[in-house]
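A short worksheet on the structure shown next.
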Amino acid sequence: MMQMELPGRGRRDHRNRRRNLASLIAVAAVAFALLAVALPAAQAAPAVLEGDFASAIVIDAETGMTLVAVNERARRQPASMVKMMTELIVLERVHKGDLDMAEMVRVSARASRIGGSQVYLAHGEEFPVEELLHALAIHSANDAAQALAEHVAGSSEAFVDLMNLRAKELGMADTVFRTVHGLPPARDQEPDLTSALDMAILGRELIRYPEAVEWASTQTMPFRDGKFTLYNPNKLVGRYRGLDGIKTGYTVPAGFCVTASAVQMGKRLISVVMGCSTDKARANETTRLLSYGFNLYTQLPVLAADGQPLDTLLAVKGGKLKEAPVTAAAALVVSVPRDRTGDVVVEYRLSAAAEAPLAAGTEVGRAVALLDGIELGSVAVVVAQDVVKGNWLDRLFR
C-alpha cells in the first residue's frame, strides 16, 4: 500500500538531516583538531630555491639534516668531484695503517698520459703518497689520482671497484663510479654518475679527516721541489668566510660543479651545486646557498652555568645521601634550526658507580643535547655539593 506523506513532514525531515550533517562536521573538526595536538610536529620540508644550477643541496654536516634541496637525487656527471672518493679511500688506508704517507709511488706510463688537469708526472718518476695527495686534493691532478689508484689497488679498474663498494657502504644510492678522476668517458665507455645528495654524503665523510680539510682550504703549494706550483681551482677559498673546501669539478657534460664546506658560528654546512653554467655562477650560487643555510640557524641556550641543580639526581653508593644533586659544569649552547628549537631534548648520562665520598665539583657524567637522536653538543655534569661517606647504619638500611 502506498504511504501518503503528511503535510510538512518532508520539510521537517530535510531540516533534521541538515542539523545532523552539521553536527557530524563539527564532531569531525574537533577530532582533527585533537589529532593535530596529539601528533608531534613534522620536520619542516627542505627549502627549494631557484638558481643557475641543475641540482643542489645544503646539509648540516653534524646531523645530516637537509636544509635546501633542488633535484638532489637527479643523476648527473660529477666531473672531478669523483676525486673526493679517491682521496677518501687513500686516507682511510693511511689512517688504518695499511699505507704510509712517506711510501713512494712509481708513476706508470698510463698515469703519465692522463690528460686534463695534471702535474705532468713522467713515466718512472717516484713521489711520496702525501705529495700525490696534495696534487690530487689541491690541484685536482688527474695523473696523481691515476698513480695513487694503481699503487693502492694494482690498477685503476680495481680501485674503481673499491670506490663503488665504499659508495654502497655510505648509502650513496645514486652513484656509479667508472673512473678515479672524473674525466669524460671515451666513445666506448660509460660516464661516472652521481647526485647532489650523494656528493654531500661523500663530502661529509671526507671532512672527518683533518688533512682533507687542510688541503681543500689551501690556495697554493709548491710541488716537485718548488719547480711546480699547485693552484686550487676553488675561487671561494679565502673569499667566503669560513669556507674550507671541498672539491670543484668541470667538464662540458657536467657543467660547473662544487662540493663546498664552511663553518660559521660553530656550525658546519655542506653544499653541492651541479650543472652551473659558468665558474662565476658556481661561486655565486654556492655562497648564496650557504648563506641561506646559515641564516636558518639560531644559538639555543640549553643549560646555564649558574650552579643551579639539574632536574636529575646522581645515585650514590655508601654515602650519607642516597642521591646527590648535580649541576652543569659550564653553559651548554647549541646551534639548531629556528623551527626546531622545541624539539631539542637533554639526556643525562651519569655514572652508575659513583661512591662516596664525593667532593663538590667532581665530574660524574655529561648532559647531552639531542635533536632527532643526534648529538648537538654536551657539557660535563658535576656534583653540586660534598657527599660524605655514610656510617654503618646508613649502609645497613640501603
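The values are calculated or read from the model by the stated rules, or taken from the named source; none is laboratory data. Note that the structure is predicted; figures quoted are calculated from it, not measured. Virtual Cβ from ideal backbone geometry, glycine too; neighbours counted across all protein chains shown.
Descriptive notes on the structure:
- Filter pass, GLU130 being under 28 Å from the mean Cα position of the chain (by Cα), within 24 Å of VAL237 (Cβ to Cβ), at pLDDT 95 or above and surrounded by fewer than 18 Cβ atoms within 10 Å (Cβ to Cβ): yes
- Residue that is nearest to the chain's Cα centre (by Cα), among those in the range 181-206 that are surrounded by 20 or more Cβ atoms within 10 Å (Cβ to Cβ) and of a type in the set (Asp, Glu): ASP198
- Enumeration of residues in the range 60-86 that are out of contact with any Asp or Glu (no Cβ under 9 Å at 6 or more places or on another chain) and either among the small types (Gly, Ala, Ser) or not assigned by TED's automatic domain parsing to the domain that holds TRP215 (or both): ALA61, GLY64, ALA69, SER80
- For the range 256-266, the candidate set comprises residues that are in contact (Cβ under 8 Å) with a residue 60 or more places away in the chain and crowded, with 24+ Cβ neighbours inside 10 Å; within that set, the residue that is nearest to MET199 (Cα to Cα) is THR259.
- Top-ranked residue in the range 221-244 [being touching a residue at least 40 places away in the same chain (Cβ under 8 Å) and assigned to a strand (DSSP E or B); ranked as nearest to the chain's Cα centre (by Cα)]: LEU243
- Within the range 293-338, being of a type in the set (D, E, K, R), under 26 Å from MET265 (Cβ atoms) and either out of contact with any Leu (no Cβ under 8 Å at 6 or more places or on another chain) or assigned to a loop (DSSP other than H, G, I, E, B) (or both) holds for one residue alone: ASP306.
- Hits in the range 207-220 (condition: of a type outside the set (S, T, N, Q) and either in contact with a Ser or Thr (Cβ under 8 Å, 6 or more places away or on another chain) or in a loop (DSSP other than H, G, I, E, B) (or both)): ILE207, ARG208, TYR209, VAL213, ALA216
- Only a single item in (1) part of a strand (DSSP E or B); (2) surrounded by 12 or more Cβ atoms within 10 Å (Cβ to Cβ); (3) in contact (Cβ under 8 Å) with a residue 24 or more places away in the chain is not met by ARG366, and it is number (3).
- Conditions (1) within 24 Å of SER55 (Cα to Cα); (2) among the acidic types (Asp, Glu); (3) in contact with a helix residue (DSSP H, G or I) (Cβ under 9 Å, 6 or more places away or on another chain): number failed by GLU169: (3)
- Positions within the range 54-64 being over 25 Å from THR278 (Cβ atoms) and buried (at least 20 other Cβ atoms within 10 Å of the Cβ), in sequence order: ASP60
- Set LEU148, LEU165: member being among the hydrophobic types (A, V, I, L, M, F, W, C) and free of Cβ contacts under 8 Å to residues at least 12 places away in the same chain: LEU165
- Flag for LYS235 being of a type in the set (D, E, K, R), surrounded by fewer than 23 Cβ atoms within 10 Å (Cβ to Cβ) and touching a helix residue (DSSP H, G or I) at 6+ places or on another chain (Cβ under 8 Å): yes
- Within the option set ARG204, ARG288, being in contact (Cβ under 8 Å) with a residue 60 or more places away in the chain, part of a helix (DSSP H, G or I) and touching a strand residue (DSSP E or B) at 6+ places or on another chain (Cβ under 6 Å) holds for one residue only, ARG204.
- Answer residue from the range 340-358, given it is modelled with pLDDT of 90 or more and more than 18 Å from LEU310 (Cβ to Cβ) and is nearest to the chain's Cα centre (by Cα) among those: ARG340
- Selection within the range 51-109 - of a type in the set (Asp, Glu) and either over 19 Å from the mean Cα position of the chain (by Cα) or part of a helix (DSSP H, G or I) (or both): ASP52, GLU87, GLU92, ASP98, ASP100, GLU103
- Residue that is farthest from ALA61 (Cα to Cα), among those in the range 245-285 that are β-branched (Val, Ile, Thr) and under 22 Å from the mean Cα position of the chain (by Cα): THR248
- Checking SER156 against (1) under 25 Å from the mean Cα position of the chain (by Cα); (2) crowded, with 22+ Cβ neighbours inside 10 Å, the condition it does not meet: (1)
- Which listed residue is crowded, with 24+ Cβ neighbours inside 10 Å and modelled with pLDDT of 95 or more, from LEU243, LEU230, LEU269: LEU269
- Residue match in the range 232-245 (condition: more than 19 Å from GLU211 (Cα to Cα) and β-branched (Val, Ile, Thr)): no
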